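The values are calculated or read from the model by the stated rules, or taken from the named source; none is laboratory data. Computed from a prediction, not measured in an experiment: that's the story for all the values here. FYI the Cβ positions are ideal-geometry reconstructions off the backbone, even for glycines, and counts take in every protein chain you see. Ligands, DNA and RNA are excluded from the accessible area calculation, which covers all protein heavy atoms including side chains. Shrake-Rupley method; radii C 1.70, N 1.55, O 1.52, S 1.80 Å.
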Amino acid sequence: MTSQPSIPSPPPPLPPPPASTAPPSEGGVRVRCAGCRMILTVAPGLTEFACPTCRMPQMLPPELMARVHQTAPPVTPPTQNLPAHGIDPTKIQLPCAKCKAILNVPHGLSRFSCPQCNVDLAVDLSKVKQFLPPPTLEEVNEVAVEVERDEDEGGMAGETFTDYRPPKVSIGPPHPDPVVETSSLSAVQPPDPTYDPKTKDNLESSKALSCLQIETLVYACQRHLQHLPSGARAGFFIGDGAGVGKGRTIAGLIWENWHHGRRKALWISVGSDLKFDARRDLDDAGATCIEVHALNKLPYSKLDSKSVGIKEGVVFLTYNSLIASSEKGRSRLQQLVQWCGPGFDGLVIFDECHKAKNLVPEAGSQPTRTGEAVLEIQDKLPEARVVYCSATGASEPRNMGYMVRLGLWGDGTSFSEFREFLGALDRGGVGALELVAMDMKARGMYLCRTLSYEGAEFEVIEAPLEDKMMDMYKKAAEFWAELRVELLSASAFLNDKPNTSQLWRLYWASHQRFFRHMCMSAKVPATVRLAKQALVDGKCVVIGLQSTGEARTEEAVTKYGSELDDFVSGPRELLLKFVEENYPLPEKPQLLPGEDGVKELQRKRHSATPDVSLKGRVRKSAKLQPPSDVESDEESETDSGIESNDSDEEFQICEICTTEEERKKMLQCSCCGKLVHSACLMPPIGDVVPEEWSCHLCKEKTDEYLQARQAYIAEIQKRYDAALERRTKILEIIRSLDLPNNPLDDITDQLGGPDKVAEITGRRGMLVRGPAGKGVTYQARNTKEVTMEMVNMHEKQLFMDGKKFVAIISEAGSAGVSLQADRRAANQKRRVHLTLELPWSADRAIQQFGRTHRSNQASAPEYRILFTNLGGERRFASIVAKRLESLGALTQGDRRAGPSLSAYNYDSAYGKRALMIMYKGIMEQDSLPVVPPGCSSDRPDTVQDFIIQAKAALVSVGIVRDSVLGNGKDSGRLSGRIIDSDMHEVGRFLNRLLGLPPDIQNGLFELFVSILDLLVRNARIEGNLDTGIVDLKANVIELQGTPKTVHVDQLTAASTVLFTFILDRGITWESASNMLNEKQKDGLGSANDGFYESKREWLGKRHFILAFESSASGMYKIVRPPVGESNREMPLSELKSKYRKVSSLEKAQTGWEEEYEASSKQCMHGPNCKIGNFCTVGRRLQEVNVLGGLILPVWGTIEKALAKQARLSHRRLRVVRIETTVDNKRIVGLLVPNAAVETVLQGLAWVQEIDD
């Protein structure tokens, strides 16, 4: 609705109202013109008219029609000039952005469809003012709308973490480092501990485990005494973050179970070298007598057989070996189940269990074998004591599919199967994930503490492209676009369809990898600069990246030898490899063979076309046997019925003179097999009979064929040569392109070479610059003294001992490595952790951050996350942001727990909608809701140019398909289509975006983000935005009455409780004037600070507010008498348009106090509010109902009750945190709108009788 009003196109006519015979009204009626807004008097009997001032044709509103029609005959509207509909004075009149019809829009309605052209419209509040009618008393209370909006957004997101101390277990020394828990989890108490550990005295005297680790041990053993409704033993989930010491906790558990006579345990982890850590942890816990057996070193035979002889102890294996099997078909899984034996009730530990994820994959992909194996072993050992361990185990709810022993779904729960559980969480949004974590803690199956990230600093650094890199990037983007066109035309010659689809798959995969590599190289200068600065500041540096480019380097070394002029360029090698292996060449022609080949050809032709050939006529033998069906064709069907007693082979008939002759005196054609006398031929052949002879007819045919074949082959050869030449040319162009070197080698080189830089990666060799700075040589990473297996450990040691101050880690090399500023290490300088390349998944990002942030450190690290100013590159940050967001949520019961990158989360439901709106705008199927970057709404030609450019860009990266360049009046315009599956694929859009020149790339990206921002803003205004846990704040919060227990869990006796709070949100006159005085006393105030009253009256009163400038300049914080400080800050322009400053303090005081009093009993809508007493908008005293404790068992009931609510914002599941002001009791739970309490309680009565 953003365009100016113009003459509307006529809407469909109204049906004429029925005539009636009442007496006529006198003097006509007065209406306001829909165009120029003048007051017009319409004569009696008239229903349609044109405004004399602006000439707009219009029609009386329906409610005035009745008066006019009382005497007037029915008027049928003329068809040629259809009038507009009437004006409804209680609504705002706004023009449709598409068909320009004037529509009556109710106040407060922000989204609707045009009844005429069916386009979806949104009200742009900033432009509506010009259409607003002057105030009338019955109008919607604007202030009430603002307050309601503010309340729907909920309170502020509170502080995220609280310090953690075990609430109910008091054994053991305190943990060496500060440990925190998210504040939402801390609002939940675990059950009372009833288990008494056998190793308690041991642990107390040795101080091997801290109180945190002992608490985990107690709750895990306690949980293992319970059984699920399905009969399997219940499992426990340790969700502690990296560096809290999960390994030692597991060792403690194994030692505890050993004392109960359970002497077999399985420990499944990610890497076989972590076996040494397992050994160390067991020794630390005092369990030196327990053996650790590495499964990968053992044969596939029975483990407890005489030859292997493992009767007890810990079998340590990796997830990979869980799915391994021998050549004879014996699997490790069978071997382990056999060793455990029937009724096994020992420990099965899934360490780093996020490796088993994707058991329930996204639609269309297959579950991983690891996930299936983890499920199978749990299935085969129903009595096993299962422990799931992972800091990132539940970063996405679908990755919990293998955690069947938690009993969150299945028999006896609200969800019959995992998919149902997943569906409920998806509907509940992130707030729901937070509740699941709290639920698990309340039932005693989950603990999750994190090392405090206090002191750690996160900074997202944008590294703009340098000019040289910018130029490189542009050329590369142009080259890829040309390569695509080249491949399209080259593959048009091929008739092999499946191969071309494979080609495009490879093309886009290489495209993405190439530009990802470019982005990484673009950050090298910034990385080197930051690293050198950190070293100057006396810190040391850890640089994290994902890929080392080893494959490209090795290919180059194989191709060019180990002495090279310069470092290998990954992008160049990638391109060369792609073009060399995948350029579509036509089939290579089979060249024509020499003379022997001609004979071969004749023979082939003969056998290929038997119907052409004339068989040698054979005389039957005189034995008169009936022809058997085994006989060959050659011997049947003799045309001459002549029978002879002579042997078959002796005599044959000449084809020319048909006389009989001895076989050996005749010539046989090598092609068709004809037999002739040499004398019958013209010219006759002499006495010397050639071995290979062909008759005239065959010779003629062969020559013709050979000529045609020759021409065909020449043509094919020409095509093949041309394609080969084109490929060579392309390869030459690639070699001449200026492309960046391998970042890993480049950084190492710029920071002083391998002598100064510790490399902890998975690669075997590296390129090192020669002594005089000339040329580079490929050499192995290890030296004679260090084996390749131990090279990473050796490098790590050099870093920790302070012999090297820079470490570069890759994901492959650094699993489980500790690089923190350890108090036991020589190098205790502060770590600066630069992430050059964010991992594909947040789980891995967290793991990477956890390398430098661990227990027992002298200082917390500084994290610097780098990304370039290329639009598409934010994509990688976006994925990780999304995961960190939900990682904080699920595994920690609070979304804001992960480092904050969420400004960069694009792959959300809103992102998908924004993408679709943008695509439709660019394809001109719909208008764009925002003005594209660099364009102005006053100059539509700039927008048109942008759309043309954008469309061409989307064609060049294959998002717009089947594009055709128009002719005639559409000349120069591209048409095409975007397939449905691409319409919502934010990932694909952001990946492909990388392959565009930077300016277009950033333009498209800006457009996408501005549409996304608009959608999010609208969702926030409508109260539909999922913000996770929200703090309810008020001056006084009191618990009213005793909380009601509305449901009790059968297995753990944990309960669901309904709390009712009374909140007083008001601000007294004294508090408000103190606030203002404080501001003015500090000299921080601005001239506009002070008390204001609304310019308009509602119900005969004006609203009063206190406004003072906030930290953001030009924005004002608003304080209202009934509800205190508003969440939303108001721009000065809006403040001055709606309110005017009150000069007299007495007037302000009277108004303030009146409003403060009135708001204790009445909402802002006045006595006629449509939800009556249940309405809380602008009410000072407010009743709030919160459902706390266990939520999952009653989830379905609550969803059903909320779905019936009148107000949209009440239908959403909202998780709130509330703390009483008197005794600081904190409750986190589901907010139940007052109007829904009855329905929820009735529903719960079905779940279980209410316990009064």
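What's the magnitude of the charge dipole for the range 161-451 around its Cα centre, counting Lys and Arg as +1 and Asp and Glu as -1 at the beta-carbon? Answer in Debye, nearest 20. Write down the numbers at each step before the final one.
Numbers: 34 positive and 34 negative charges, 164 e Å.
Roughly 780 debye for the range 161-451.
What FRET efficiency comes out for the pair K1200/D962, r = Cβ-Cβ distance, R0 = 30 Å, nearest 0.05? Please report the intermediate quantities before stating the final value.
Numbers: r = 47 Å, r/R0 = 1.55.
The value I calculate is 0.05.
Using DSSP to define loop residues, name the GluC sites (Glu not before Pro) in the range 734-836 whose beta-carbon has at most 14 other beta-carbon atoms within 10 Å.
Values: sites: E759, E785, E789, E795, E811; in loops: E785, E789.
Passing both the DSSP loop test and the Cβ count: E785, E789.
Accessible area per residue for the range 1067-1170 in Å², computed with a 1.4 Å probe and the full protein assembly in place, what is it? Can you show the working numbers first?
Numbers: 5500 Å² over 104 residues.
Accessible area per residue, the range 1067-1170: 53 Å².
For the range 161-451, what does the accessible surface come to per residue with a 1.4 Å probe? Please give it in Å². Write down the numbers at each step before the final one.
Values: 10880 Å² over 291 residues.
Here the per-residue accessible area is 37 Å².
Excluding ligands, DNA and RNA, what is the solvent-accessible area per residue of the range 971-1015 at a probe of 1.4 Å, expressed in Å²?
Details: 1630 Å² over 45 residues.
On a per-residue basis, the range 971-1015 sits at 36 Å².
With unit charges on the beta carbon (Lys/Arg positive, Asp/Glu negative), name the residue among H1165, S1143, G1083 whose Cα is farthest towards the positive pole of the charge dipole of the range 1067-1170.
So the residue we want is H1165.
Among 441-449, 337-345, what's the highest-first ranking by average C-beta atoms within 10 angstrom per residue? Working shown, then result.
Numbers: 441-449: 25.0, 337-345: 15.1.
Order by mean packing, descending: 441-449, 337-345.
Can you compute 3J(HN,Hα) from phi for each residue in the range 1232-1237, using the Karplus curve 6.51 cos²θ - 1.76 cosθ + 1.60 with θ = phi - 60°, rounded to whole Hz and x for Gly and Pro?
9, x, 3, 5, 9, 4
5 Å is the cut-off here: which amide hydrogens, built 1.01 Å from N in the peptide plane, fall below it relative to E759, excluding neighbours closer than 5 in sequence?
I808
Rank-order 216-225, 855-864, 249-258 by packing density, defined as the average count of other C-beta atoms within 10 Å over each peptide's residues, highest first. Display every interim value, and only then the final one.
Numbers: 216-225: 22.7, 855-864: 20.1, 249-258: 25.5.
The peptides rank, most packed first, as 249-258, 216-225, 855-864.
My understanding is that a pair violates if its Cα-Cα distance is over 24 Å; which of K523/K729; K796/K829; K441/K1204; K297/K796; K264/K306 do that in this structure? Don't skip to the end; give the middle numbers.
Details: K523/K729 31 Å; K796/K829 15 Å; K441/K1204 31 Å; K297/K796 26 Å; K264/K306 17 Å.
From the list (K523/K729; K796/K829; K441/K1204; K297/K796; K264/K306), the Cα-Cα distance tops 24 Å for K523/K729; K441/K1204; K297/K796.
Pop out the carbon and sulfur fraction of the accessible area of the range 161-451 as a percent, whole number, probe 1.4 Å.
Values: 5220 of 10880 Å².
Exposed carbon and sulfur together represent 48 percent of the surface.
Of the heavy-atom accessible surface of the range 1067-1170 (probe 1.4 angstrom), what whole percent is carbon and sulfur? Don't jump to the answer; show the numbers that get you there.
Numbers: 2740 of 5500 Å².
About 50 percent, which is the carbon plus sulfur part of the accessible surface.
Which order do peptides 1068-1075, 535-542 fall in by mean Cβ count within 10 Å, highest first? The partial results should precede the final answer.
Values: 1068-1075: 15.4, 535-542: 17.1.
Put in order of decreasing packing, that is 535-542, 1068-1075.
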